[in-house]
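The structure under discussion appears below in the form of structure tokens.
The values are calculated or read from the model by the stated rules, or taken from the named source; none is laboratory data. Every value quoted in this text rests on a predicted model; they were computed, and no experiment measured them. For neighbour counting, all protein chains shown are included, and Cβ atoms are generated from backbone atoms with ideal geometry for every residue, glycine included. With ligands, DNA and RNA removed, areas are computed over all heavy atoms of the protein, side chains included. Shrake-Rupley method; radii C 1.70, N 1.55, O 1.52, S 1.80 Å.
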Amino acid sequence: MPASVTLRHRPHLVPTDLLYIPPLLWRLRTCLSPCLLPSNSIALEFADLFWTLSADRLNRVLGGGGVNMGPVRGFRKRKRAAKDAAAAGQEGGDWWVDFSRRITGHLSLPEEPRKFESVFKISRTTFNYICALVRDDMMSKTSHLAFADGKILSIEDQVAVALRRLSSGESLLNIGVSFGVNQSTVSQVTWRFVEAMEERGIHHLKWPTTQEMEDIKCKFEKIRGFPNCCGVIDTTHIMMCLSSADTSNVIWVDHEKKHSMLLQAIVDHEMRFRDVATGWPGSMNELSVLRSSGFFKMCEKGTRLDGEEMELPEGFQVREYIIGDSGFPLLPWLLTPYQGKDLSDAKTEFNKRLSATVAVAQTALAKLKDMWKIIGGEMWRPDKHRLPRIILVCCLLHNIVIDLEDEVRDDALPSHEHDMSYKQQLCNIADNNGVMLRDKLSAYLSGRLPP
């Protein structure tokens, strides 16, 4: 069914739909086609200064076709400047040879050249792809971003600085010292990169097509036997160091008495993020974040997880669903473990299988934080307006590494959990249809499905 795109802003404490729109979208409002189909949902949402970004809409505007923009004033001049800057970055032959000579401090190794992969954690192929994605957006802005010696930063230089900032989590000062640029340049380049990736990389985070979903369901069934399973959901805390003296920060205090921002993610069997919602304060629990997300609303309306049912032996029909841990409610489309002690053998077996499947999402979030350390540690008084967008871009980069089958990608399990210092919360909400589905699947998986 054709869908229209609505752009609006509400200053309510908890928004329900699109509240955050990048400045470009405001200029595109009159160009949006009402005939574009939705493909995905990403939400960046937070209280008081809460915004929401829906990737299905953003993708339709920025990457899904249907929006044509004519020549922009000053476009030729900026394009020429971008070419000059790019050429300047290639004058010394291979870009990395010239750039690596500038590396100082703990990143430099006098006895041997520093390897590209060890600095940026990705291959040159992936790096070049990312440069191509953001080149036009980052180089179209006239600026005088330069190294300390006055040499203008090429697109490769800028992407390198931004990726190092996101992957290492080091301070602006340390990044600047390592690469020979000012702190302000590191900050400006990183934010330009985040803005460009939001627009140009958003197609790497989308809900699966019908054909993709069939493959996902098949792969999940092979993991631990769950038929017609479409993904796994989990939530993680992005730690922040905020002033306790500021009473406005109370909302960010979570159940472990730490300041944090929440990220909810739904992943497929390859640990690729298929839907994310972030920006919510740590004081909220998994149930509250789920109910506030666009994904929940779509499922309740029947526009998500609405594919064909699967028929099991004895005529038992199984709808599409996802799996989560005990912190989520048991719903017709969201299965969670049995709670309590003295469970039957069938229920115990069900919980073991479910736990092994949920581990896919837990590992994905651990890998996300491990590779993009800017969100893996405790961020020093971050800008809470910008942090959700940084989290989103880290998720996009995570997916790009998977999509491009990066050879540097580490397939080893993370050495730690994504929320290692957090205790499992419990949710006792159970929908009757969810209870029936779970019981039927428990019997099926234990081989005891009655006739």
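Within the stretch 376-400, track down each residue that is open to solvent by 10 Å² or more (accessible area, probe 1.4 Å) and of a type in the set (A, V, I, L, M, F, W, C). Those that are open to solvent by 10 Å² or more (accessible area, probe 1.4 Å) and of a type in the set (A, V, I, L, M, F, W, C): M379, W380, I390.
Per the conditions (1) under 19 Å from L426 (Cβ atoms); (2) under 22 Å from the mean Cα position of the chain (by Cα), the sole criterion not satisfied by D406 is (1). Exactly one residue out of F296, F350 is open to solvent by less than 60 Å² (accessible area, probe 1.4 Å) and within 27 Å of K206 (Cβ to Cβ): that is F296.
Tallying residues that are assigned to a strand (DSSP E or B), crowded, with 20+ Cβ neighbours inside 10 Å and in contact with a Leu (Cβ under 7 Å, 6 or more places away or on another chain) within the stretch 307-334 yields 3.
For the stretch 282-293, name all the residues that are touching a residue at least 24 places away in the same chain (Cβ under 8 Å), open to solvent by 20 Å² or more (accessible area, probe 1.4 Å) and over 23 Å from R386 (Cβ atoms). Scanning the stretch 282-293 gives N285, E286, L287.
Taking every residue in the stretch 296-320 that is in contact (Cβ under 8 Å) with a residue 12 or more places away in the chain and pairing it with any residue that is of a type in the set (A, V, I, L, M) and open to solvent by 40 Å² or more (accessible area, probe 1.4 Å), at least 6 positions away or on another chain, the pairs with Cβ-Cβ distances below 6 Å are V318/M310. Scan the stretch 366-380 for residues that are among the hydrophobic types (A, V, I, L, M, F, W, C) and either in a loop (DSSP other than H, G, I, E, B) or out of contact with any strand residue (DSSP E or B) (no Cβ under 9 Å at 6 or more places or on another chain) (or both) and the total you get is 4. In the stretch 416-437, the qualifying residues are those that are at pLDDT 95 or above and not in a helix (DSSP H, G or I), and the one that is farthest from R319 (Cα to Cα) is I429.
Residue by residue, here is whether (1) of a type in the set (S, T, N, Q); (2) open to solvent by 10 Å² or more (accessible area, probe 1.4 Å); (3) touching a residue at least 12 places away in the same chain (Cβ under 8 Å); (4) in a helix (DSSP H, G or I) holds:
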site: G176; (1), (2), (3), (4): no, no, no, yes
site: S187; (1), (2), (3), (4): yes, yes, yes, yes
site: F193; (1), (2), (3), (4): no, no, yes, yes
site: A196; (1), (2), (3), (4): no, no, yes, yes
site: D215; (1), (2), (3), (4): no, yes, no, yes
site: C230; (1), (2), (3), (4): no, no, yes, no
site: D234; (1), (2), (3), (4): no, no, yes, no
site: M239; (1), (2), (3), (4): no, yes, yes, no
site: S244; (1), (2), (3), (4): yes, yes, no, no
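If you go through the stretch 358-375 and keep only what is surrounded by fewer than 20 Cβ atoms within 10 Å (Cβ to Cβ) and within 27 Å of T336 (Cα to Cα), you end up with A359, T363, D370.
Restricting T363, T348 to residues that are without any contact (Cβ under 8 Å) to a residue 60 or more places away in the chain, among the β-branched types (V, I, T) and assigned to a helix (DSSP H, G or I) narrows the list to T348. Within the stretch 133-152, can you find the residues that are under 21 Å from L397 (Cβ atoms), open to solvent by less than 70 Å² (accessible area, probe 1.4 Å) and either acidic (D, E) or out of contact with any helix residue (DSSP H, G or I) (no Cβ under 7 Å at 6 or more places or on another chain) (or both)? Hit for the stretch 133-152 is D137, nothing else.
Yes or no, residue by residue, for (1) outside any loop (DSSP other than H, G, I, E, B); (2) more than 19 Å from the chain's Cα centre (by Cα); (3) within 30 Å of I390 (Cβ to Cβ):
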residue	(1), (2), (3)
V276	yes, no, yes
W280	yes, no, yes
C299	yes, yes, yes
T303	no, yes, yes
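Applying the condition of being under 15 Å from the mean Cα position of the chain (by Cα) and of a type in the set (D, E, K, R) to the stretch 200-256 and asking which residue is nearest to K369 (Cα to Cα) yields D234.
Residues in the stretch 335-345 that are acidic (D, E) and either under 19 Å from the mean Cα position of the chain (by Cα) or not in a loop (DSSP other than H, G, I, E, B) (or both): D345 alone.
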